[in-house]
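**Q** The structure's right below; bear with me while I get my questions together.
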Amino acid sequence: MKILITGGSGFIGQRLCASLVEKGHTPLVVSRSSERARRVLPEPAIVRTRVADFEEDAPEAVINLAGEPIAEGRWTDKKKKAIRDSRINITRDVVDLCAKLDEPPSVLISASAVGYYGDQGSRDVTEETIPNDEFAHQICSEWEAEACKAEQAGVRVAILRIGLVLDAGGGMLAKVVPPFKMGLGGKLGDGKQYMPWIHREDIVNMILFLLERENLSGPFNASAPNPVTNAEFTRALGRALNRPTVLPAPALALKLAFGEMSRLLLTGAKMLPERMQQEGFEFHHARLDEALNAIFGKQ
Ligand SMILES: NC(=O)c1ccc[n+]([C@@H]2O[C@H](COP(=O)([O-])OP(=O)(O)OC[C@H]3O[C@@H](n4cnc5c(N)ncnc54)[C@H](OP(=O)(O)O)[C@@H]3O)[C@@H](O)[C@H]2O)c1
């Protein structure tokens, strides 16, 4: 199949493109920097700068991953606008393409995030949970609603509310492993906030699962079945790296350093992949210790 992927050059996208190519698909990748994207993508991938550039190629499926990084720096008004606009505008371009094509793609799999639910304390969070209204929720909600407009063109739409994606070479581990290796790791605030996580291999497998399962649509929580608190995550990472984790980062210091963005670090949701499990999706990495050992090459 010809599969259009926005954000295909990113942390999830690179691994996804490699898996799609292995399965005989052709990735059509939208990237602001074709040259950089070509360097990190497998040979058969075709890279262009705009969604509309693929009108002639009529993709048979679309995977929508593009978006300005959310966990970098303070959420100034400018940064908030970039977080929102980068997601909404490209999703709108995807919906417009679907509406234009005589034969629209059969499916749109569109990223969202655990942030959809906002701060949920320690209650179990399924796809049915009522979200807490805050910035992350508003962005995700608007992003999901924009993607769902593709249904008007007869496209099946599946939404992935993604937890923290773990693997070597990028994502949150690339940021936290260096200080942990220096023995500077520690819980954030009181450490009770939940951090739903997923191994990169499993998020890619979920996308492949949704591509194939023609009866599946709507929102899916995309995280491993055993979410952990920040304190548990900190201890597990310390064990995986054989490093102490005794230096907590006080909540006040994080609030002063990061402003509103510190909510990403200090609040969370105990998100459970209820619908994925009901549909029989099998996780390769269901437990955090095992996932981290696999990532850091320990058995
Ligand atoms: N990784 C996680 O832990 C995680 C967790 C929850 C949700 N998600 C969501 O899942 C999606 C994919 O995640 P990822 O980790 O693969 O993201 P990523 O590595 O940051 O890649 C996203 C891609 O989006 C494009 N992009 C970045 N800023 C942009 C902007 N201002 N305007 C247009 N395009 C822009 C970039 O492609 P080009 O530079 O090639 O244009 C980039 O490769 C993201 O939307 C993210 O919010 C990720």
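**Q** From the square roots a ≥ b ≥ c of the eigenvalues of the alpha-carbon gyration tensor of the stretch 30-189, which class results: rounded (a/c under 1.5), prolate (a/b over b/c), or oblate?
**A** oblate
**Q** What is the set of long-range amide H partners of Gln193 at a cut-off below 5 Å, with H atoms built 1.01 Å from backbone N?
**A** Long-range HN contacts for Gln193: Asn230, Ala231.
**Q** Averaging the inverse of every distinct alpha carbon separation and then flipping it gives the Kirkwood radius. What is it for the stretch 215-298, in angstrom units?
**A** Its Kirkwood hydrodynamic radius stands at 15.2 Å.
**Q** Enumerate the calculated ³J(HN,Hα) couplings along the stretch 78-84 in order (Karplus 6.51 cos²θ - 1.76 cosθ + 1.60, θ = phi - 60°), each rounded to whole Hz, writing x wherever the residue is Gly or Pro.
**A** With the stated coefficients, the stretch 78-84 comes to 5, 5, 4, 5, 5, 4, 6 Hz.
**Q** Based on Cβ point charges of +1 for Lys and Arg and -1 for Asp and Glu, what charge dipole magnitude is obtained for the stretch 75-231 about its Cα centre, in debye rounded to the nearest 20?
**A** Roughly 720 debye, rounded to the nearest 20.
**Q** I'd like the FRET efficiency for Arg36 and Ala253, computed as 1/(1 + (r/R0)^6) with the beta carbon distance as r and R0 of 45 Å, rounded to 0.05.
**A** 0.80
**Q** Using the Cα centre as the reference, give the magnitude of the dipole from point charges on the C-beta atoms of the stretch 26-143 (Lys, Arg: +1; Asp, Glu: -1; all else neutral), rounded to the nearest 20 debye.
**A** In total the dipole reaches around 700 debye.
**Q** When only Cα pairs under 8 Å and 6 or more residues apart are kept, what is the percent relative contact order across the stretch 164-233?
**A** Numbers: 67 pairs, mean separation 28.9, N = 70.
The value is 41 percent.
**Q** Further, regarding this structure: Per residue, what volume in Å³ does the Cα convex hull of the stretch 28-107 take up?
**A** 106 Å³
**Q** Using a Förster distance of 22 angstrom, determine the FRET efficiency expected from the C-beta separation of Arg92 and Glu55, and round it to 0.05.
**A** 0.90
**Q** Roughly to the nearest percent, how much of the accessible area of the stretch 186-262 is carbon and sulfur, given a 1.4 Å probe?
**A** Looking at the stretch 186-262 in its full context, I get 56 percent from C and S.
**Q** Follow-up. So if we plug the beta-carbon distance of Lys81 and Asp190 into 1/(1 + (r/R0)^6) with R0 = 41 Å, what FRET efficiency do we get, rounded to 0.05?
**A** On the way: r = 32 Å, r/R0 = 0.78.
Approximately 0.80, to the nearest 0.05.
**Q** Could you work out the relative contact order of the stretch 1-130, using alpha carbon pairs under 8 angstrom and six or more residues apart, expressed as a whole percent? Mind showing how you got there, number by number?
**A** Working: 178 pairs, mean separation 32.2, N = 130.
This gives 25 percent for the stretch 1-130.
**Q** Still on this structure, I have one more. Let me have the relative contact order for the chain, percent, based on Cα pairs under 8 Å that are six or more residues apart.
**A** 18 percent
**Q** Continuing with this model, one more query. Any chance you could tell me what percent of the C-alpha pair distances in the chain go past 29 Å?
**A** 33 percent
**Q** Using a basic spin-label model with each label point 7 Å from the Cα along Cα→Cβ, how many nm lie between Met1 and Arg239?
**A** Taking the simple label geometry, Met1 and Arg239 are separated by 3.9 nm.
**Q** List residues of the stretch 35-65, by number, whose backbone nitrogen lies under 16 Å from a label position 7 Å along Cα→C-beta of Glu103.
**A** 55-62
**Q** Looking at the chain, what % of its DSSP beta bridges pair antiparallel, to the nearest 5? Spell out each step's value before the answer.
**A** Working: 2 of 36 bridges.
The antiparallel fraction comes to roughly 5 percent.
The values are calculated or read from the model by the stated rules, or taken from the named source; none is laboratory data. Keep in mind the model is a prediction, meaning the values are calculated, not measured. With ideal geometry, Cβ positions are generated from the backbone for all residues, glycine too; neighbour counts draw on all protein chains shown. For the accessible areas, the whole protein counts, side chains as well, though only heavy atoms, and no ligand, DNA or RNA atoms are used. Shrake-Rupley method; radii C 1.70, N 1.55, O 1.52, S 1.80 Å.
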